[in-house]
Every structure is written in structure tokens, then in C-alpha cells.
């Protein structure tokens, strides 16, 4: 009985996290995304330049002078909402943070396996 409860608890915890996106879904989100630096913060909500509605969609940030993605984050109604991901410069995943209505609700991180940590 005790082993069954432990197994159930482990399965419950494993099933509660955000599912990792596939490489093709990440690539599509990067292509659809806007540059994070081009979003304006207006009283805690993010907007695209010359837009009156808060931004909903993907935003990205690239490493300086590089085609390598640094961060990819989803916005809904001007706030972070969903699974945001950061990568090391070597392309390895660094962190995944789940946001709900602009607030961080969980985070996972991975140590670097060589290369720069910037």
C-alpha cells in the first residue's frame, strides 16, 4: 500500500508540469515571435509600438550579434503567460519558467555542459 501511494504521488507530480514543446513548435514560435526589446511596458502591461491593445503572442530575445536564441516567452493580454524558456549560448536549455497572469508559478533549470554561460 505504501509503495502504491508513493508511485501515485510520483505520477501526480510528474503529470502536473508543463509539457516541453517539440523542436518544430519552438522553431514555429521563434518565427512568429516579435523582438522582446520592441515591446513597450505601459503600467505593467506589454504593448507593440503604436498599438492600443496589450500584446498577445510570442516574444524572443537573441544573443548579441548571433542567430542563437536566448529567450522565448509567451504573452497573453500584455502579461507573461505560459512556458518561457532560456537557453545557454551553446544552444542547451537553461531554464523553463511557467507564468500565469504575469506571475512565475514554477521553474526548472539545467546546469551548463560546457561553453559560455552568458
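Bear in mind that the values in this text are calculations on the coordinates, not laboratory data. As the structure is a computational prediction, the values presented were derived from the model and not from experiment. Counting neighbours? That spans all protein chains shown, and the Cβs are built from the backbone with ideal geometry, glycine included.
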Quiz item: With each pseudo-label sitting 7 Å past Cα toward Cβ, what's the residue 24-residue 48 distance in nm, one decimal?
Solution: 2.6
Quiz item: Tell me, 109, 56 in order of fewest to most beta-carbon neighbours within 10 Å?
Solution: 109, 56
Practice problem: Calculate the translational D of the range 21-109 in whole µm² s⁻¹ from Stokes-Einstein, where the hydrodynamic radius comes from the Kirkwood formula applied to all Cα pairs, the temperature is 10 °C and the viscosity 1.306 mPa s. | Solution: 119
